[in-house]
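For reference, the structure is listed below as C-alpha cells.
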Amino acid sequence: MSRFGTRTAKFALGLFLVSGSVSAWAQEIRAKQEGESTIRVVSEGRFETTFTKRSGFGTTWFDLKNDPGKRRDLGPRVGGEYGGGLLWVKIGVKERDGSWEPTPIEELRLLEAGPARVRVELRGVHNRYGVPGPGRSLAALRFTMVYTLYPDGNVAIGYALEAAQDVPITGMAIITRSTGAWGPSGKGEGKGEVHAAAELGDEKPSGKTASSFTLQWSDGPTHFTDILMAAHRGRYNGSYWHEGYLDQDYRTALNLRSGPGFFKEDALRKGTTRLSVLMRFANDMNSGKEAARYANDYQSPDRLEVGKGQADASDEGDRDQDGFNEEEGCYVLKAAPDGVAFTLHGSKVARMNPAFKVKGWKGSGTPRLTVGGTPLVQGADFQASCDGGVLLLKLARIVNGDVPVSISAQ
C-alpha cells in the first residue's frame, strides 16, 4: 500500500549493507487474554489483531500506522460463516460432503505475551464448513495451530493435523481471506485497488506457473495492508484467485494437493502431519517481486557459521534440522557462557529482519548486539526479551551481505 521511505547504513569497510525503515518499528509487541474466547495482540504503531474461538487468527486486523483510529478492519466479513479469519484452511474428505475446516476453536491459549514476540496456540477438531453441531465434526482429524507474531508483522505458523486414523482427502487449500472492501467489487473508498500476485506476477498460479506464495497488495491511497502467505516448501497451483463474497471477503489461495512438496498420497496418514507457513503483514510488498524477498528468506534460511556457542538443530519446530525453526520463524542457538557470535550470510539471499532464539542465556536486561562491530540500539535497531534462560531477539534491519554478529550480556 503506502510507500515507506528508507535509509541505508553502511558498516565495516563496506563489506556488508544493512538497511531499515526511517520510522523505527522495533517497539514492543504485547498480548492480553480477554476472557475465554479472545486474545488481543498489539504492536504499537504497527498493527492490532485478535484471535477468537469463533474464527481463529485475524478475526480483526487494524493497520495502526495508517489507521490509528481503527476505522478500517481488514478481517473478512461474511454473514453467518464461521470459517477462519485472515488464514483459512479448507480440506476435502472423500465420502464426506463439503469442506472441513479448523474452526471453531475449542482451546485458545496465550503462550508468550511479548515484548519481542507473541505466541498463541489454537486447538480443536475440524468441522464441516467450520460450523459446529451434531454430525458436523470430523472426530478423526484434530488440529493444533501455533502462531508466532513479531513486531514487524511477520507471523510464523505451525499447523499440526492430528489424525486418529488414515483420513482420505480430495483437496486442501490454504487461503488468505481479507475484507473485500477494496477488492475488485469492493465498496470502500479505494475500491478496486487490491490485487493478487504470485512468483510470476498477477496471473493465477497453474501447473506451468506454480507458486510457493500468494500476495494481496495495494499501492492505493487505501488503508489496506499488503498480505503475503508463503508455504515452507513446494510450489502449487492457485485457487480462489480474485474470488470470495466480493465486497465482504477477498480470497487468494494455494491448492496443496496440486504440487509435490506437501502431499504425496491421497490420505492424511494416522499420526501427525505438520505444515509450516509464513504470513507477513506490511506496506512494502507492492508486487510479486518485492514479496519474493521475504518468501525466499523464509524458504531458504541461512546456515549460520557459528564461532561462539553453537547452532541448535533439534529445536521443536525445526523441520529440516538446519538451525532455523520454521514454525517460529527464528534461528536457534545455544549460548556459550559469554554469549554467541556467528556470521549471518545475506549476500545471496537477503535476510529480512531476522529473529533469533538463544538458549542457555546467562544475561539479564538489554543484551549487547553488534553487527560488523557496530553496536545497535534496542527499540530502534532490535527488540529483545529474556525469560527462563531463553533470549529472544528480533533485528529491525535487512541484511544484504555476509555479516559478523555478536550477542552478549551487558
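Just so it is clear, none of the values below were taken in a lab; they were calculated from the coordinates. In this text, all values refer to a predicted model and were calculated from it rather than measured experimentally. In this analysis, Cβ positions are derived from the backbone assuming ideal geometry, glycine residues included, and neighbour counts consider all displayed protein chains.
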For this session: Arrange the following residues from fewest to most other Cβ atoms within 10 Å of their Cβ: Cys386, Cys330.
Result: Cys386, Cys330
Problem set entry | Between 0 and 90°, nearest 10: helix 288-299 axis offset from the chain longest Cα axis | 70
Problem set entry | Max mean-square fluctuation residue, GNM over the chain, Cα-Cα springs under 10 Å, options Ala139, Ala313, Ala341 | Ala139
For this session: Tell me the GluC sites (Glu not before Pro) within region 260-350 that lie in a loop according to DSSP and have at most 14 other beta-carbon atoms within 10 Å.
Result: Glu265, Glu316
Exercise. Relative contact order, percent, of the chain when contacts are C-alpha pairs under 8 Å separated by at least 6 residues?
Worked result: 15
For this session: Quick one: order Tyr236, Tyr159 by neighbouring beta-carbon count within 10 Å, fewest to most.
Result: Tyr159, Tyr236
For this session: Using a Gaussian network model of the chain whose springs link C-alpha atoms within less than 10 Å, name the residue from Gln216, Gln383, Gln165 with the highest mean-square fluctuation.
Result: Gln165
Seminar exercise, completed: In nanometres, the difference between 0.36 nm per residue of separation and the alpha-carbon distance of Val131 and Thr209 is 24.7 nm
Seminar exercise, completed: Between Glu305 and Lys187, Cβ-based FRET efficiency (R0 41 Å, step 0.05) works out to 0.20
Seminar exercise, completed: Here the net charge surrounding Ser137, from other residues whose Cβ is less than 12 Å away from its Cβ (Lys, Arg +1; Asp, Glu -1), is +2
For this session: For region 143-159, take each phi angle, set θ = phi - 60°, evaluate the Karplus expression 6.51 cos²θ - 1.76 cosθ + 1.60, and give the result in whole Hz per residue in order, putting x for glycine and proline.
Result: 8, 10, 10, 10, 10, 10, 10, 10, x, 7, x, 6, 10, 8, 10, x, 10
Problem set entry | Cα Rg over Rh - region 242-390, Kirkwood | 1.03
For this session: Jot down the per residue volume, in cubic angstrom and as a whole number, of the convex hull over the alpha-carbon atoms of the chain.
Result: 133
Exercise. What Rg and what Dmax come out for region 234-328 when only alpha-carbon atoms are used, in angstroms?
Worked result: 17.0, 54
Seminar exercise, completed: Projected onto the charge dipole of region 28-298 (unit charges on the beta-carbon of Lys, Arg, Asp and Glu, signs +1, +1, -1, -1), the Cα from Ser37, Gln248, Thr273 with the largest positive-side position is that of Thr273
Problem set entry | Loop-located trypsin sites (Lys or Arg not before Pro) in region 258-348, at most 15 other Cβ atoms within 10 Å (DSSP) | Lys264, Arg269, Lys270, Arg303, Lys348
Problem set entry | Interchain or long-range residues, amide H under 5 Å from Arg54's placed H | Ile105
Exercise. Just from its helices, what would the mean residue ellipticity at 222 nm be for the chain, if runs of 4 or more DSSP H residues each count -39500 (n - 2.57) and the sum is divided by every residue, rounded to the nearest 500 deg cm²/dmol?
Worked result: -1000 deg cm²/dmol
Problem set entry | Cleavage-rule hits, trypsin sites (Lys or Arg not before Pro), region 87-180, DSSP coil, Cβ neighbours within 10 Å at most 12 | Lys94
Problem set entry | Least to most buried among Leu149, Leu141 (fewest other Cβ within 10 Å first) | Leu141, Leu149
Exercise. Which value in nm describes the separation of the simple spin-label points at Ala350 and Gln33, placed 7 Å from the Cα toward the beta carbon?
Worked result: 4.0
Seminar exercise, completed: Once Asp202 and Arg274 are pulled to full extension, the length gained, defined as 0.36 nm per residue separation minus their Cα-Cα distance, is 23.0 nm
For this session: Quote to one decimal, in nm, the extra length available between Thr374 and Ser314 on full extension: 0.36 nm per residue of separation minus the C-alpha distance between them.
Result: 18.5 nm
